[in-house]
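> This is the structure, below, for whatever I ask next.
The values are calculated or read from the model by the stated rules, or taken from the named source; none is laboratory data. These numbers come from a predicted model, not from an experiment. For neighbour counting, all protein chains shown are included, and Cβ atoms are generated from backbone atoms with ideal geometry for every residue, glycine included.
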């Protein structure tokens, strides 16, 4: 792939080890630039999967998207990231965010609190990477003096803030290397969130350049109707956590329809939830359609913005196998996006 943009593939934590080895090899062989692995609660954790993929790939960047300081203390995030960087010979990136599925564990989910926890997680991870011997003192996390990594930190730490929230985008611009925006597929909201990111960059003391990546759920196929129906099945899992985006589209998230979808999804009745999702929600929350349709939409969205890469998240397409779907994207969609 000879292009200006980077192209990333995100994997769910639901496959078996042999599949991750096969998928990692396939993604790298097709010329993609980065592999993300989700760290969703109740699925396999991302770091063991990434370590496995690292052992069976050679060039591609790899990292979680995303980990948070509630499910793993920042000290554990830092040590896991250090091991991944060692085994991958410096190819690791670290995706951090607020997290989700807190309701499963009856945890505090107020945005102000989880956002502060994210900020402190990011700063504390950077603190550990620098092997700072001074203590860290925050509202959520604290350490004593000399609480430092006893192992080599990542060679060139690269932290990605994953979000669809303007306040988080600001923090990402201020403290991380890159902001990975998910499900932000309208020009109006992308402009708004980009301004927040750029303000964070302006307020940052970092000397390195910073970027935005765009992406999320994608379903590309020659048959746009089948693409839409396939997208609904994956969207059914995540729609309870996408209400911030729906609000940007003036959707009443307290409506009886949303409550029904939310109920079915949180009870694992994903087929029932997918049957309730209106077609317009797919357009709001995913990139679905023919390769030409999706390419034109991406081009329109990223024009004039500091976008570095495009992330492709499941369901990918309408073929039965992962390899067929990813190969289809690499051959049918990406050539339409090269050299942007």
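> Please go through the range 241-281 and pick out each residue that is touching a residue at least 60 places away in the same chain (Cβ under 8 Å) and in contact with a helix residue (DSSP H, G or I) (Cβ under 7 Å, 6 or more places away or on another chain).
Here is the first cut: in the range 241-281, the residues touching a residue at least 60 places away in the same chain (Cβ under 8 Å) are 241-242, 244-245, 248-249, 266.
Those that are touching a residue at least 60 places away in the same chain (Cβ under 8 Å) and in contact with a helix residue (DSSP H, G or I) (Cβ under 7 Å, 6 or more places away or on another chain): 242, 245, 248, 249, 266.
> Can I ask one more? Criterion first (under 18 Å from the mean Cα position of the chain (by Cα) and farther than 25 Å from residue 99 by Cβ) does residue 32 satisfy it? Break it down into steps so the answer makes sense when it comes.
Working: under 18 Å from the mean Cα position of the chain (by Cα): yes; farther than 25 Å from residue 99 by Cβ: yes.
Criteria met by residue 32.
> What is the residue count in the range 245-265 for residues that are farther than 28 Å from residue 333 by Cα and surrounded by 14 or more Cβ atoms within 10 Å (Cβ to Cβ)? Let's see the steps before the verdict.
So the first thing to find is which residues in the range 245-265 are farther than 28 Å from residue 333 by Cα, and the list is 247, 250-265.
Next, from what is left, pick out any that are surrounded by 14 or more Cβ atoms within 10 Å (Cβ to Cβ): 251, 253, 257-258, 261-265.
Of the residues in that region, 9 qualify.
> Quick check, is residue 159 closer than 15 Å to residue 123 by Cα and modelled with pLDDT of 95 or more?
Numbers: closer than 15 Å to residue 123 by Cα: yes; modelled with pLDDT of 95 or more: yes.
For residue 159, the condition - closer than 15 Å to residue 123 by Cα and modelled with pLDDT of 95 or more - is met.
> Here's another thing I want to ask about it. Quick check: anything in the range 323-335 modelled with pLDDT under 95 and surrounded by 17 or more Cβ atoms within 10 Å (Cβ to Cβ)?
No: the range 323-335 contains no residue that is modelled with pLDDT under 95 and surrounded by 17 or more Cβ atoms within 10 Å (Cβ to Cβ).
> Tally up the residues in the range 208-223 that are loosely packed, with under 15 Cβ neighbours inside 10 Å and at pLDDT 95 or above, please.
Our first condition is that a residue be loosely packed, with under 15 Cβ neighbours inside 10 Å; within the range 208-223, this holds for 208-209, 222-223.
Still in the list and also at pLDDT 95 or above: 222-223.
So the answer is 2.
> Pull up the range 171-190, narrow it to residues that are out of contact with any strand residue (DSSP E or B) (no Cβ under 9 Å at 6 or more places or on another chain) and outside any loop (DSSP other than H, G, I, E, B), then point me to the one that is nearest to residue 302 (Cα to Cα).
Our first condition is that a residue be out of contact with any strand residue (DSSP E or B) (no Cβ under 9 Å at 6 or more places or on another chain); within the range 171-190, this holds for 174, 186-189.
When the remaining residues are screened for being outside any loop (DSSP other than H, G, I, E, B), the result is 174, 187-189.
Values: 174: 21, 187: 8, 188: 12, 189: 12 Å.
Top of the filtered list is 187.
> Tell me the helices (runs of 4 or more DSSP H) entirely within the range 268-319 that contain at least 2 residues that are in contact with a strand residue (DSSP E or B) (Cβ under 9 Å, 6 or more places away or on another chain) and modelled with pLDDT under 95.
Numbers: elements: 270-276, 279-285, 291-302.
Because the criterion is at least 2 residues that are in contact with a strand residue (DSSP E or B) (Cβ under 9 Å, 6 or more places away or on another chain) and modelled with pLDDT under 95, the helices (runs of 4 or more DSSP H) in the range 268-319 that meet it are 279-285, 291-302.
> Restricting attention to the range 110-160, report how many residues are exposed (fewer than 14 other Cβ atoms within 10 Å of the Cβ) and either under 26 Å from residue 41 (Cβ atoms) or under 21 Å from the mean Cα position of the chain (by Cα) (or both).
6
> Here's a follow-up. Within the range 117-134, is there a residue that is in contact with a helix residue (DSSP H, G or I) (Cβ under 9 Å, 6 or more places away or on another chain), in a loop (DSSP other than H, G, I, E, B), farther than 21 Å from residue 175 by Cα and without any contact (Cβ under 8 Å) to a residue 40 or more places away in the chain?
The initial filter retains those residues of the range 117-134 that are in contact with a helix residue (DSSP H, G or I) (Cβ under 9 Å, 6 or more places away or on another chain), namely 118-129, 132, 134.
Narrowing further to those that are in a loop (DSSP other than H, G, I, E, B): 132, 134.
With farther than 21 Å from residue 175 by Cα added as a condition, the list becomes none.
Within the range 117-134 (the criterion being in contact with a helix residue (DSSP H, G or I) (Cβ under 9 Å, 6 or more places away or on another chain), in a loop (DSSP other than H, G, I, E, B), farther than 21 Å from residue 175 by Cα and without any contact (Cβ under 8 Å) to a residue 40 or more places away in the chain), the answer is no, since none of the residues qualifies.
> Test of understanding: among 288, 313, which residue is crowded, with 18+ Cβ neighbours inside 10 Å and closer than 21 Å to residue 98 by Cα?
Values: 288 fails: closer than 21 Å to residue 98 by Cα.
Every option except 313 fails the conditions.
> Ok, one more. Can you list residue pairs whose Cβ atoms sit under 7 Å apart, with the first residue in the range 171-193 being in contact (Cβ under 8 Å) with a residue 12 or more places away in the chain and on the phi > 0 side of the Ramachandran plot and the second being part of a helix (DSSP H, G or I) and crowded, with 24+ Cβ neighbours inside 10 Å? Count only pairs 6 or more apart in sequence or on different chains.
183/285
> A further question on this structure: Name the residues in the range 69-101 that are crowded, with 18+ Cβ neighbours inside 10 Å, out of contact with any helix residue (DSSP H, G or I) (no Cβ under 6 Å at 6 or more places or on another chain), without any contact (Cβ under 8 Å) to a residue 60 or more places away in the chain and farther than 14 Å from residue 140 by Cα, would you?
Hits for the range 69-101 are 91, 99.
> Could you grab me the full set of residues in the range 16-56 that are free of Cβ contacts under 8 Å to residues at least 24 places away in the same chain and under 17 Å from residue 312 (Cβ atoms)? If you could, list the steps in order and put the result at the bottom.
Going residue by residue through the range 16-56, those that are free of Cβ contacts under 8 Å to residues at least 24 places away in the same chain are 16, 18, 29, 48.
Answer for the range 16-56, where residues must be free of Cβ contacts under 8 Å to residues at least 24 places away in the same chain and under 17 Å from residue 312 (Cβ atoms): just 29.
> Against the conditions (1) in contact with a helix residue (DSSP H, G or I) (Cβ under 8 Å, 6 or more places away or on another chain); (2) surrounded by 17 or more Cβ atoms within 10 Å (Cβ to Cβ), where does residue 42 fall short? Just the number, please.
Condition (2) is where residue 42 drops out.
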